[in-house]
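The values are calculated or read from the model by the stated rules, or taken from the named source; none is laboratory data. Note that the structure is a prediction, hence the values are computed from the model and not measured. For neighbour counting, all protein chains shown are included, and Cβ atoms are generated from backbone atoms with ideal geometry for every residue, glycine included. Areas reflect the complete protein model, heavy atoms only, side chains present, ligands, DNA and RNA absent. Shrake-Rupley method; radii C 1.70, N 1.55, O 1.52, S 1.80 Å.
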Amino acid sequence: MSTIDSSKTNAASAAEALPQPSLLRRLLVDRPEMMIIVALVIIVGFFVAMRPDAFLSGINIRNMSIEAAMMMFLAVGMTYVIITAGIDLSVGSVLVLSGVCAVLVMRTIGVDHPAAPWVGLLAALACGTAWGLINGFFVAVTRLSPLIVTLASMGIALGIARLLSGGVDITGVPRSVVNTIGIGRVMGVPAIFLIAAAFAVVAGIVLHRTRFGLHTFAIGSNPQAAERAGIKVRRHLVMVYAISGLCAGLAGYITLSRFASTTIAGHSMDNLRAITAVVLGGASLFGGVGTMFGTSVGVLIPVVLASGLVIIGLPSFWQEVAVGIVLLAAVLVDQWRRNSRNG
């Protein structure tokens with residue numbers, strides 16, 4: 001017994017002798033979402049100090065919540081993909097294509113038909129999911145690079161959307177969809193925000209509390225080990241990209257409800273914003289790391305930056321510059337974080 005007690009004492013002494021991680025390391029490496037919260041508070045504080053009347057106005061807060069909610073749909077799917085060490089550059093184009101297909105279907109059966117909103121939703125979801133399955137097939141089965149596959153499908157999806165619409169935005173969204181979702185509110189809170197929040201919660205439960213989510217992390221950490229453990233890696237990757245496509249399809253339908261028409265030219269930066277949000281939220285581009293809570297916080301950074309830059313009077317082109325800079329900074333932090341873990 002004395003030998004065992006002595007061993008425990010020595011182990012405890014050795015643990016106490018180890019250097020404790022610094023606050024910076026705990027924020028950046030162990031709890032990256034906390035760093036994002038701190039960064040968000042600093043950014044908000046800066047814009048509040050510059051233009052408190054405009055930035056904190058009810059209209060601006062409502063617009064930022066809607067923008068963040070719409071981006072959240074894409075970021076949810078991107079979170080799954082990035083955790084598997086993949087990437088999906090096609091989400092913005094799939095959003096556009098799904099919206100175009102939904103409008104065309106609703107116009108075909110009649111905008112005033114009672115079933116039009118539901119048929120349009122099914123069309124958008126089916127279009128997005130089908131495109132995600134195609135991406136997943138080429139990534140998982142043919143083993144092509146996700147970057148190349150989704151870059152090619154990004155151009156193809158946008159081209160098809162323009163062919164179907166004639167290159168112009170088309171209308172044909174039922175008024176009930178616009179009133180209940182696009183401009184609808186529940187106790188003063190935008191309906192789009194509530195839908196996105198509920199969607200993120202469900203996606204987070206699936207990611208962190210189910211076998212599907214566990215397999216997603218396992219594949220991102222080590223696909224060879226996951227396959228040896230009995231996980232059907234190829235099938236799972238196809239399903240992950242299908243989820244990303246489904247999220248883009250849902251985002252396309254939500255976009256229709258907000259603008260009452262397609263917005264073909266308005267989503268060229270959506271893929272970068274979604275990737276930025278996920279990486280800012282602590283997910284690693286090398287796979288195996290990520291949280292839905294972190295993504296939810298990360299979504300707010302590009303939205304707050306874009307709104308704040310407009311309020312202080314900078315041209316809208318600076319939004320693209322800011323998003324690019326933030327993405328580069330997030331990737332550098334991700335690289336540093338990975339090296340720190342390995343060290």
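A straight chain from Arg209 to Arg107 at 0.36 nm per residue would run longer than the Cα-Cα distance by 32.7 nm. Placing one equal scatterer on every Cα of segment 124-170 and applying the Debye formula, the log10 ratio I(q)/I(0) at q = 0.15, 0.23, 0.33 Å⁻¹ is -0.44, -0.83, -1.13. As a fraction of the 1.4 Å probe accessible area of segment 198-343, surface on carbon and sulfur atoms comes out at 66 percent.
Once backbone amide H atoms are built at 1.01 Å from N, Arg185 has Ala191 as its partners under 5 Å, excluding neighbours fewer than 5 places away on the same chain.
Along its principal axes, segment 210-262 has C-alpha extents of 49, 18, 14 angstrom, given from the largest down.
Positive-end ranking of Leu147, Gly110, His267 along the dipole of the chain, with charges on Cβ about the Cα centre, is headed by Leu147. For segment 302-311, 3J(HN,Hα) computed residue by residue from phi via the Karplus equation (6.51, -1.76, 1.60; θ = phi - 60°) reads x, 5, 5, 4, 4, 5, x, 5, 5, 5 Hz, glycine and proline entered as x. Computed over the alpha-carbon pairs of segment 31-85, the distance histogram in 5 Å steps reads 4, 16, 14, 22, 21, 12, 7, 3, 1 percent, short to long.
Annotation: per residue accessible area for segment 96-145 equals 47 Å², rounded to a whole number [probe 1.4 Å, protein chains only]. Seen from a random direction on average, the alpha-carbon convex hull of the chain projects onto 21.8 square nanometres. Between Ala85, Thr255, Gly294, the Cα set farthest toward the positive side of the dipole of the chain (charges on each charged residue's Cβ, about the Cα centre) is that of Ala85.
Could you give the accessible area per residue of segment 221-343, probe 1.4 Å, as a whole number in Å²?
Values: 5250 Å² over 123 residues.
Result: 43 Å² per residue.
Can you give the charge dipole size of the chain about its Cα centre, rounded to the nearest 20 debye, using +1 on the beta carbon of Lys and Arg and -1 on the beta carbon of Asp and Glu?
Working: 22 positive and 13 negative charges, 106 e Å.
Dipole magnitude for the chain comes out near 500 debye.
Each residue of segment 140-156 was assigned a 3J(HN,Hα) from its phi angle through the Karplus curve 6.51 cos²θ - 1.76 cosθ + 1.60 (θ = phi - 60°); the sequence is 8, 8, 7, 6, 7, 5, x, 4, 5, 4, 6, 5, 5, 5, 4, x, 5 Hz, with glycine and proline shown as x.
At 37 °C and 0.692 mPa s, grab the translational diffusion coefficient of segment 236-295 from Stokes-Einstein with a Kirkwood Rh over Cα pairs, rounded to a whole number in µm² per second. Answer, rounded: 250 µm²/s.
Please label the shape of segment 168-208 as rounded, prolate or oblate, based on the square roots a ≥ b ≥ c of the eigenvalues of the alpha-carbon gyration tensor (a/c under 1.5 means rounded; beyond that, a/b larger than b/c means prolate, else oblate). Oblate, since a/c reaches 1.5 and b/c is not below a/b. With semi-axes defined as the square roots of five times the eigenvalues of the C-alpha gyration tensor, the equivalent ellipsoid of segment 112-190 measures 32, 16, 13 Å, largest first. When the charge dipole of the chain is built from unit charges on Cβ atoms (+1 for Lys and Arg, -1 for Asp and Glu) and taken about the Cα centre, the candidate among Ile160, Ala226, Asn60 whose Cα reaches farthest toward its positive end is Ala226. Note on segment 67-158: Cα-Cα pairs beyond 18 Å make up 49% of the total pair count.
Evaluating 6.51 cos²θ - 1.76 cosθ + 1.60 at θ = phi - 60° for every residue in segment 220-226, the Karplus couplings come out as x, 6, 7, x, 5, 5, 4 Hz, glycine and proline recorded as x. In terms of its C-alpha gyration tensor, segment 267-308 has an oblate overall shape, because the principal axis ratio a/c (a ≥ b ≥ c, square roots of the eigenvalues) is not below 1.5 and a/b does not outweigh b/c.
Give the separation of the Cα centroids, segment 133-157 to segment 231-308, in Å. Using only Cα atoms, the two centres lie 17 Å from each other. Once C-alpha pairs closer than 8 Å and six or more residues apart are averaged by separation and normalised to the residue number of segment 193-307, the relative contact order reads 25 percent.
How high is the relative contact order of the chain, in percent, with contacts defined as C-alpha pairs under 8 Å that are six or more residues apart?
It rounds to 30 percent for the chain.
Summarising the overall dimensions of segment 193-343 from its C-alpha atoms, the Rg and Dmax are 17.3, 56 angstrom. List the relative contact order of segment 64-195 as a percent without decimals, with contacts defined as Cα pairs under 8 Å and 6+ residues apart. With pairs under 8 Å counted, the relative contact order is 34 percent. If you take every residue apart from Arg211 with its C-beta less than 15 Å away from the C-beta of Arg211, what net charge results, scoring Lys and Arg +1 and Asp and Glu -1? Counting the neighbours of Arg211, the net charge comes to +3.
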